[in-house]
Amino acid sequence: MGLGLSLSGIYNIGHDVGGFAGPAPEPELLVRWVQNGIFHPRFTIHSWNSDQTVNVPWMYPEVAEDIKHLIKFRYQLTPYLYNALYEAHAYYRPIIRPVFYEFGGDEKTFEPSDDFLLGDAMLVASVVDKGATTRQVYLPECVDGWYDYHTENWYEGGQTVLLPAPFDKPPLLVKAGSMIPMNDDQVTFATRKETRGMKLFPHTLEGQSEYTLFEDDGVSVISDTSCAKIHFVLTVATNQIDVRVTKTGGYQLPYEQMNFYLPANEKRPLFVNGQKLESRDGRFCFLVSECEEGA
């Protein structure tokens, strides 16, 4: 239903996690439902249960930490989600998409599946079988393959892989060549602290891709002065990785630096706007004041 609504132009959607009516879900089902819900534009645990209970994140102490971790993970992904919401508004691009939406040339993506895309980069594989500890995922055919978001292992496209499916880390793949903006800190809605990281998932050998990050204060009417767009061009060669960063718009960003991240086994040096960045505990720090002004 959600994918059908998205294809019909109703983008800002989500489901009542845990179910709105009927008996309360068992602990395992609640966790799996949360895993699915955090990747939707609208995420809410909302219910009226026939057994007089109310669904809340802490209703089962034995899985409360897992659900807490998942909600924090959603807060980390908020910049990616927010950007997808802006693109839906500005360019009518669905936020969640059937896999065949991006990979229509792969006939297997038309087969029945519980998988869906979040934006054009993330492949979400929901766990729908009780007692499952792993999940088989079909990876659509694409030139540079896929990364496991959590382990950063790389897989070739056009095959089915078996991924671990623990309660605290939902199976999630990222298309190689993608850039995923995130809040660096595990923030909550209450703190409102804005930090930015950009996770790079480079092409395996060579390639180029682009991404534009929309930033604003979340309140003002969108205009040239109330928002900013940061444009990234990722160029991957066999001997190095280059990122060009440009900025347009008059909005003053609420953070002074941006940290880039590469997969742990990536050994090629990283250059941003021509400057070689050195890793500090896996972070490559870039000052946003060094962004080039875009046209």
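Below is a table of values for the structure above.
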{"quantity": "Residue selected from segment 138-148 under the condition in contact (Cβ under 8 Å) with a residue 40 or more places away in the chain and either over 18 Å from the mean Cα position of the chain (by Cα) or closer than 21 Å to Arg74 by Cα (or both), by the criterion surrounded by the most Cβ atoms within 10 Å (Cβ to Cβ)", "calculated": "Tyr147"}
{"quantity": "Residue pairs meeting the criteria (Cβ under 6 Å; at least 6 apart or on separate chains; first farther than 20 Å from Glu194 by Cα, in segment 270-295; second surrounded by 16 or more Cβ atoms within 10 Å (Cβ to Cβ) and polar (S, T, N, Q))", "calculated": "Glu292/Thr246; Gly294/Thr246; Gly294/Thr248"}
{"quantity": "Count of segment 51-85 residues which are within 30 Å of Lys229 (Cβ to Cβ) and outside any helix (DSSP H, G or I)", "calculated": "1"}
{"quantity": "Those strands (runs of 3 or more DSSP E) lying entirely in segment 234-279 with at least 3 residues over 24 Å from the mean Cα position of the chain (by Cα)", "calculated": "275-277"}
{"quantity": "Filter pass, Leu29 being more than 25 Å from Asn183 (Cα to Cα) and part of a helix (DSSP H, G or I)", "calculated": "yes"}
{"quantity": "Segment 149-165, residues that are closer than 15 Å to Asn265 by Cβ and crowded, with 16+ Cβ neighbours inside 10 Å", "calculated": "Tyr149, His150, Glu152, Trp154, Tyr155"}
{"quantity": "Of the criteria (1) assigned to a helix (DSSP H, G or I); (2) in contact (Cβ under 8 Å) with a residue 24 or more places away in the chain; (3) of a type in the set (D, E, K, R), which one Arg42 fails", "calculated": "(1)"}
{"quantity": "Selected residue [on the phi < 0 side of the Ramachandran plot, modelled with pLDDT of 95 or more and touching a strand residue (DSSP E or B) at 6+ places or on another chain (Cβ under 7 Å)] from Val63, Val128, Val99", "calculated": "Val99"}
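The values are calculated or read from the model by the stated rules, or taken from the named source; none is laboratory data. The model shown is predicted, which means the values in this text are computed figures rather than measured ones. Here Cβ is always computed from backbone atoms with ideal geometry, including for glycine, and neighbour counts include all displayed protein chains.
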